[in-house]
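Presented below is the structure to which this report refers.
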């Protein structure tokens with residue numbers, strides 16, 4: 001039953017992410033947002049993911065009571081998309097609220113999954129990839145007006161909250177306690193934090209403008225949805241078979257995934273009109289997201305005794321601050337050289353890991 005609940009949570013959580021990442025930029029573009037405005041709006045949620053964990057160093061404890069409020073707020077925020085999307089500033093505020101929720105929701109459940117499932121984590125997490133893929137395939141056929149995307153987003157968010165609520169009983173004192181707060185240090189492993197930050201900055205162009213970039217080079221929206229789906233299929237395969245790889249040197253797996261990512265962005269820059277190359281680069285998502293994500297969270301699980309706070313900061317620094325700056329930079333520099341910049345940033349992320357002394 002625990003495996004089912006976690007798998008269902010991942011399915012609906014990443015189905016919501018799929019609506020947000022794949023279709024929301026196109027929806028905003030169609031209703032009159034500029035690319036710069038899209039970058040700013042989509043950057044706010046990641047920014048809040050970055051800022052929120054700092055509250056938990058001294059002032060707040062992420063317990064079950066607070067988590068219930070987070071679930072309620074996330075559903076409320078998704079509902080308010082209907083009335084705020086036409087207003088740039090109101091939609092900015094709504095995305096900021098959503099970012100606070102996301103900064104707490106996923107790390108809380110991820111730690112339960114790692115602790116309870118252990119080697120079966122990847123096989124549960126792959127259902128998130130399935131949810132992401134299915135919503136991409138289905139919504140591409142029915143996205144005629146912005147409200148359709150909002151319907152999908154609200155339903156997925158509501159189901160995510162329901163399954164997250166059902167998992168609360170698996171949280172225990174150890175997971176809820178902010179133990180060893182005074183010993184938690186970002187500076188101790190600063191090359192790692194710099195690397196995961198830069199890695200997500202490099203993803204800014206992909207997450208926020210891949211759909212627009214591909215359609216601008218003559219690829220239909222429906223075909224772009226197939227590209228997203230193909231990348232997720234490859235991601236699912238690596239989640240299913242990655243367990244032996246994650247028993248090896250985790251830092252080596254992280255480095256390998258990053259250098260593959262840099263190569264991936266470089267190919268998109270060199271061959272923007274090639275559908276074949278686009279499909280090949282999407283196959284590399286198995287490493288640049290699937291293997292990378294699992295290796296990073298397991299590496300952090302070994303590095304820090306305060307595991308919940310470590311996961312919060314991973315989401316905050318990587319997907320939060322990195323996603324924020326990635327969205328801003330990609331919005332400002334969208335054009336011919338977008339993925340060349342992404343490739344260089346990923347390469348710097350790779351090089352920074354050579355300063356890591358603790359190789360687990």
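List of remarks:
- One Cα centroid belongs to the range 8-33, the other to the range 91-107; the line between them spans 14 Å.
- Shape of the range 1-83, Cα gyration tensor, a/c cut at 1.5: oblate
- Each helix, a run of at least 4 DSSP H residues, gives -39500 (n - 2.57); summed and divided by the residues of the chain, these come to -24000 deg cm²/dmol at 222 nm.
- Overall shape of the range 2-355 was characterised from the C-alpha gyration tensor. The equivalent ellipsoid obtained from it has semi-axes of 28, 24, 19 Å, in decreasing order.
- Gained length - residue 84 relative to residue 188, 0.36 nm times residue gap less alpha-carbon distance: 33.3 nm
- Stretchable slack from residue 119 to residue 248, in nm (0.36 nm times residue separation minus alpha-carbon distance): 45.1 nm
- Seen through its C-alpha gyration tensor, with square-root eigenvalues sorted a ≥ b ≥ c, the range 212-280 comes out oblate because a/c lies at 1.5 or above while a/b is not bigger than b/c.
- Relative contact order for the range 2-355, counting Cα pairs under 8 Å that sit 6 or more residues apart, in percent: 32
- Most mobile of 239, 256, 287 in a GNM of the chain (Cα contacts under 10 Å): 256
- Here the residues 123, 61, ranked from fewest to most Cβ neighbours within 10 Å of their Cβ, fall in the order 61, 123.
- Modelled FRET efficiency - R0 22 Å, residue 68 with residue 302, Cβ distances, 0.05 increments: 0.15
- Remark: the residue 51-residue 263 segment gains 73.2 nm on full extension, using 0.36 nm per residue and subtracting the alpha carbon distance.
Each reported figure results from applying straightforward, stated rules to the coordinates on display, with no laboratory input. Just so it is clear, the model here is predicted, and its values are computed rather than measured. Cβ coordinates were reconstructed from backbone atoms using ideal geometry, including for glycine residues, and neighbour counts include every protein chain displayed.
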